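The values are calculated or read from the model by the stated rules, or taken from the named source; none is laboratory data. What you see is a predicted model, and the numbers here were worked out from it, not measured in a lab. Here the Cβ positions follow ideal geometry from the backbone for every residue, glycine too, while neighbour counts run over all protein chains shown.
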């Protein structure tokens, strides 16, 4: 006979309420138009930025011990405030590797890291606010440089994440082709530049994705107004918390007419790509795309860009101009994957592109490689790296004997 009491009824009611809440939130995130989502962010920022905690199927399961012990490693998963770290949790379970979820926002976070005894740490920084993002930048650097910890993606890759100023400087320093971009920190310099600029010109906030924070300015008067506001009063960053504003600087970029845009991705030795179709004035955020085999030129270009700094987890958005030039539009080591789930489909078949060094060409491999927002590939990469490292240490110990 099943015993029913007030406690069990209350627990059941809470679970049913949570399931309903998850369903409602999922429908809002999936089917609501962008303008409605932005309204919700603006009116109820705290609600919006915490709903993702209800979408983590592993919430409360901060430690996992793999039952088969396939890998002799424990991975640390750094907690992310919109719960994107759930992809790492799912990947570890899929691949059979133990993990611990770690919160580095606590005051004694260094002691937490030291006592965690993890072999490497998987990271997806939070960018809800610029303050949180700065915290991740600062503490991840201490983890790598002072504590000697291995993180993935690498710190250099994460340093560029959702920061257009840093990306511009990295591209210039590495002599990589990109749309000409100008950054100013005072109004007079920007005003003088606009006096001789060609229009239209593109304005971008430093943070933002999917064409948020991007404006195409067709007249000098419009540009002066936006630039002055950005440098003086500040401009609210659309995808961030309403209290976050960009001020004291402005980023302007060359307008590339009639360019095609390809989303190209490298994870380890796997390459993916699809064309982002234009909607109105923008490719990013249009939600429309076309699958086709990425050209060898695109694949070699992305390989070359990534090898400049040994990037092994990187999205490279590439403009293909009317005269055939390839320009880096954007770099993101981590990114959402709502459209599409499969990042490479050739003749109706999903798969990946792989470079065969011995043959010197690109080969399409059939299969599903994009599980858990590509985190299965990321976790597998770090596991392979740790395995090779362990073999080298074992070999060195034997040589010493």
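Listed here are the residues, each with its yes/no results for (1) under 22 Å from the mean Cα position of the chain (by Cα); (2) modelled with pLDDT of 95 or more.
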site: 242; (1), (2): yes, no
site: 251; (1), (2): yes, yes
site: 254; (1), (2): no, yes
site: 266; (1), (2): yes, yes
site: 284; (1), (2): yes, no
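So that you can scan it fast, the table gives a plain yes or no per residue for (1) more than 22 Å from residue 371 (Cβ to Cβ); (2) under 18 Å from the mean Cα position of the chain (by Cα); (3) in a helix (DSSP H, G or I):
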| residue | (1), (2), (3) |
| --- | --- |
| 70 | no, no, no |
| 80 | no, yes, no |
| 83 | no, yes, no |
| 88 | no, yes, yes |
| 93 | no, no, yes |
| 101 | no, no, no |
| 113 | yes, no, yes |
| 118 | yes, no, no |
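Which pairs have Cβ atoms under 7 Å, sit 6 or more apart or on different chains, and link a residue in segment 273-297 that is in the same structural domain as residue 345 (by TED's automatic domain parsing) and closer than 15 Å to residue 337 by Cα to one that is part of a loop (DSSP other than H, G, I, E, B) and at pLDDT 95 or above?
Short answer, once both residue conditions are applied: 273/294.
Mind checking which residues of segment 309-327 are farther than 18 Å from residue 257 by Cβ, in a strand (DSSP E or B) and in contact with a helix residue (DSSP H, G or I) (Cβ under 6 Å, 6 or more places away or on another chain)? Show your work before the answer.
First, the residues of segment 309-327 that are farther than 18 Å from residue 257 by Cβ: 309-316.
Within this subset, residues satisfying the condition of being in a strand (DSSP E or B) are 313-316.
Passing the criteria: 313, 314, 316.
Looking only at segment 173-182, which residues are within 13 Å of residue 251 (Cβ to Cβ) and surrounded by fewer than 16 Cβ atoms within 10 Å (Cβ to Cβ)?
Correct list: 180 only.
In this structure, does residue 106 turn out to be at pLDDT 95 or above, outside any helix (DSSP H, G or I) and more than 20 Å from residue 372 (Cβ to Cβ)? Quick ask: steps written out before the conclusion?
Values: at pLDDT 95 or above: yes; outside any helix (DSSP H, G or I): yes; more than 20 Å from residue 372 (Cβ to Cβ): yes.
Yes, satisfied.
Report those strands (runs of 3 or more DSSP E) wholly inside segment 165-268 carrying at least 2 residues which are in the same structural domain as residue 321 (by TED's automatic domain parsing), free of Cβ contacts under 8 Å to residues at least 24 places away in the same chain and under 16 Å from residue 317 (Cα atoms).
none
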